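Enquirer: Quick one: the structure is below, and I'll ask about it shortly.
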Amino acid sequence: MNTTGRSIVTGVDGSGEALDAVRWAARVARLREVPLEIVHALDFPALLAGGVVPPPEEMKDVLRAHGQRYLRAAREIAEAQGAPTVTTRLDSDRAAPALIDASRTAALVVVGSGGRGRLTGLLAGSVAAAVGAHAASDVVVVRGDSWDDPEAANRPVLAGIDGSDPSARILAAAVAEAKVRKTHLIVVHASADEPRPEAEPHLDPQAATDAGERLLGELTGEHDVGGIPVERVVVRGHPRRELIERSRTAQLVVLGDRGRGGFPGLLLGSTGQALLHNAACPVYLVRTAS
C-alpha cells in the first residue's frame, strides 16, 4: 500500500534476479512518484575469522569496490526506468538484516526471487524468504518475467482474500495497486483450504460459496475503487492452487504475509510460501502483523 513520501527500497547483489527487482521497483517508484533507494549489503559479518577476528581492511576495500559497481549499474537501470529520485547505499551487514532494517522507514521493500549465495532448494532464495517473513513494511518478491512484457500493463491485479481480520488491509493494498496501474482488479476467495480446526463449523459447499460471496461483497463495498473494474471470484478450491494458476495471467498478486490463523512470529503462511516459490508474476505481501 502506498505510503506518501516514503521510499521504495530494493537490494542488489550482482545477480540478474536482483536487477529485475531494481527494474520493477523503479517503475513502481515512477508510478507512485516516490524516491527509490538501492542497497548493497557487504556482508562483513561473514568475514569474521572464528566469529571474532575482523577481516583486513584490504579485503573490505575490495568488497566496497565491487559493491559500488553493482550500485552504479543498478542506478543506471533505475534511472532508465524513470524513477524520479534514486539514491544508493552500501551496508556492512548481511543482505536480509540490512533490508529488514531499511523496511522500518520504507513504504515498500522489493527483492528478487533469488540471488548470489542462495542455497539450492531454499524457498524463493534465503533473502526473499527472510525479508518476506520479517520486514516491517509490505514486501514484493519479483518472480517470473511476464511482468516485463509490453502487454503486461493490460493484465489485472489479483488479490487473495481469506476472510481473516487483515482482509480489509489486503484489499486496500490491491485496490491501490490497481488504481495506480489503471487496470482492473480480480478478488479471489477460495473456500477450501487445509482442514479447518474442529472448533470451526463445517459448511456445505453451497453455504461456503454464499458466505464467500457475502464476504467479498461487504469488503469491496467498503472501498472507493475509483472507477476501476472489480471482479469478485468465489471458488471451491485451495487458495494456493487458485492463485498460482491465476498468476499466469496477472501482473501482480496481492496477499497477506500470514494466512487464516497466523500469529506474530510465525513465518510466512503456507499460501504465501507457495506463491513465492511458484507464482508466475511478482508477489505483493501485505504486512498483517502489528
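Enquirer: On full extension of the chain, what length is gained from ASP149 through GLU58, given 0.36 nm per residue of separation minus the C-alpha to C-alpha distance? Could the numbers behind the result be given before it?
Expert: Details: separation 91, 0.36 × 91 = 32.76 nm, distance 4.31 nm.
Between ASP149 and GLU58, full extension yields 28.4 nm more.
Enquirer: Sorted from fewest to most neighbouring beta carbons within 10 Å, what does the list TRP147, TRP24 look like?
Expert: Numbers: TRP147 20, TRP24 23.
Least to most surrounded, the residues fall as TRP147, TRP24.
Enquirer: What is the pair-distance distribution P(r) of region 8-142, computed from all Cα-Cα distances in 10 Å bins starting at 0, with each bin given as a whole percent?
Expert: That works out to 14, 45, 32, 9, 1, in percent per bin.
Enquirer: Moving on to the next point. Please work out how much length the chain gains when fully extended from ARG69 to HIS184, using 0.36 nm per residue of separation minus the C-alpha to C-alpha distance, in nm with one decimal.
Expert: Numbers: separation 115, 0.36 × 115 = 41.40 nm, distance 3.91 nm.
Net length gain for the segment: 37.5 nm.
Enquirer: DSSP loop (so not H, G, I, E, B), at most 16 other Cβ within 10 Å: list which GluC sites (Glu not before Pro) in region 22-96 pass both filters. All intermediate terms of the calculation are to be shown ahead of the outcome.
Expert: On the way: sites: GLU33, GLU37, GLU57, GLU58, GLU76, GLU79; in loops: GLU33.
Passing both the DSSP loop test and the Cβ count: GLU33.
Enquirer: Can you give me the relative contact order of region 8-142 as a percent, contacts being Cα pairs under 8 Å and 6 or more apart? The partial results should precede the final answer.
Expert: Numbers: 276 pairs, mean separation 45.1, N = 135.
This gives 33 percent for region 8-142.
Enquirer: Starting with the fewest neighbours, write out ASP149, ASP93 ranked by other beta-carbon atoms found within 10 Å of each beta-carbon. Don't skip to the end; give the middle numbers.
Expert: Numbers: ASP149 12, ASP93 16.
Lowest count first: ASP149, ASP93.
Enquirer: Starting with the fewest neighbours, write out THR85, THR220 ranked by other beta-carbon atoms found within 10 Å of each beta-carbon.
Expert: Numbers: THR85 13, THR220 18.
With the sparsest Cβ surroundings first, the list reads THR85, THR220.
Computed from the coordinates by the stated procedures, all read-outs in this text should not be read as laboratory data. Everything quoted here is computed from the prediction, not taken from an experiment. Because the Cβ atoms are built from the backbone with ideal geometry, glycine has one as well, and the counts that use them run over all protein chains shown.
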